[in-house]
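Here the structure is laid out as structure tokens; the discussion comes afterwards.
The values are calculated or read from the model by the stated rules, or taken from the named source; none is laboratory data. Given the structure is predicted, the values throughout are model-derived calculations rather than measurements. Don't worry about glycine lacking a Cβ; one is built from the backbone with ideal geometry, like all the others, and counts go over all protein chains shown. For the accessible areas, the whole protein counts, side chains as well, though only heavy atoms, and no ligand, DNA or RNA atoms are used. Shrake-Rupley method; radii C 1.70, N 1.55, O 1.52, S 1.80 Å.
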Amino acid sequence: MSSLTAGRYAAVAATLALAVSLGGTSYAAVKIGTAQLKSGAVTTPKLAKGAVTSAKIKNDAVTGADVKESSLGAVGKAKRAAQADAVDGVSITKVSYRKAAGPGSTVLAAAGGLTVRASCAGGELTLTATTSKNAAYISTYASRDSNPADPLQADEEGSDFVTGEVFDLQAGEDGDTNHVEFAYGAADGSVVTGVIDSDEGTPDCLAIGFVTSG
């Protein structure tokens, strides 16, 4: 084979190789679709940054199952939704206590250093409060539906409410159809307030209401 012929052969071979290469790329671009993609074949390291843009993705084609949620930040007002149980730093605890007569007590709410408990010994409801912070204040107001004009009030004024003390939120009343409102404050600025209505009968002891803290 002459040098001229060899040169022409090399040129033709190179041209064919280029055509096949370009043709193959075009073929891949046209033929590779959803059916040709193996599940899990396309991963982040295999994609050039910015290669897949919104315009290249069919609307609603990417579903939640294809997204790693932990890699996403909060969307829209999601941060506010995550804090829906607190408004301006104030949290609300629902009180829903229904119990048959028996020993022991149940914690209804615990916040800001204050713990509110209910018990139903002998079928008589009691509501008490204790504090984990010394030099605290607490006040309660209790009334019965049978004598609303003569409510009972009790408090630990100033900073007299201390750890180890058990405070009667009913101010000496019993728990039979009783309405209690109380307020607590600690030296560090913690504030807890609550409204609890109680009854005795069926069930033996009932206490419902809300406690707010902040």
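Okay, here's what the table says:
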item	result
Test: residue in the range 128-141 that is under 18 Å from ALA207 (Cα atoms), among the basic types (Lys, Arg) and either open to solvent by 40 Å² or more (accessible area, probe 1.4 Å) or not in a strand (DSSP E or B) (or both)	no
Of all residues in the range 179-207 being of a type in the set (A, V, I, L, M, F, W, C) and more than 17 Å from THR115 (Cα to Cα), the one that is least open to solvent (accessible area, probe 1.4 Å)	CYS205
Output for the range 97-121, where each listed residue is among the aliphatic types (A, V, I, L, M) and part of a strand (DSSP E or B)	VAL107, LEU108, ALA109, ALA110, ALA111, LEU114, VAL116, ALA118
The range 177-189: number of residues that are over 20 Å from LYS94 (Cβ atoms), touching a residue at least 12 places away in the same chain (Cβ under 8 Å) and not β-branched (Val, Ile, Thr)	4
Single residue of the range 156-178 satisfying the filter (open to solvent by 50 Å² or more (accessible area, probe 1.4 Å) and assigned to a strand (DSSP E or B)) that is nearest to GLY123 (Cα to Cα)	ASP168
Boolean, PHE210 is open to solvent by 40 Å² or more (accessible area, probe 1.4 Å), outside any loop (DSSP other than H, G, I, E, B) and within 16 Å of GLY112 (Cα to Cα)	yes
Scan of the range 164-192 for residues that are within 12 Å of ALA129 (Cβ to Cβ) and either touching a Phe, Trp or Tyr at 6+ places or on another chain (Cβ under 8 Å) or not charged (D, E, K, R) (or both), ordered by number	VAL166, PHE167, LEU169, GLN170, ALA171, VAL180, PHE182, ALA183, TYR184, VAL192
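Conditions tested, residue by residue: (1) over 29 Å from ASP88 (Cα atoms); (2) modelled with pLDDT of 95 or more; (3) small (Gly, Ala, Ser); (4) in contact with a helix residue (DSSP H, G or I) (Cβ under 6 Å, 6 or more places away or on another chain).
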{"position": "THR115", "(1), (2), (3), (4)": "no, yes, no, no"}
{"position": "ALA121", "(1), (2), (3), (4)": "yes, yes, yes, no"}
{"position": "THR128", "(1), (2), (3), (4)": "no, yes, no, no"}
{"position": "PRO148", "(1), (2), (3), (4)": "yes, no, no, no"}
{"position": "GLY201", "(1), (2), (3), (4)": "yes, no, yes, no"}
{"position": "ILE208", "(1), (2), (3), (4)": "no, yes, no, no"}
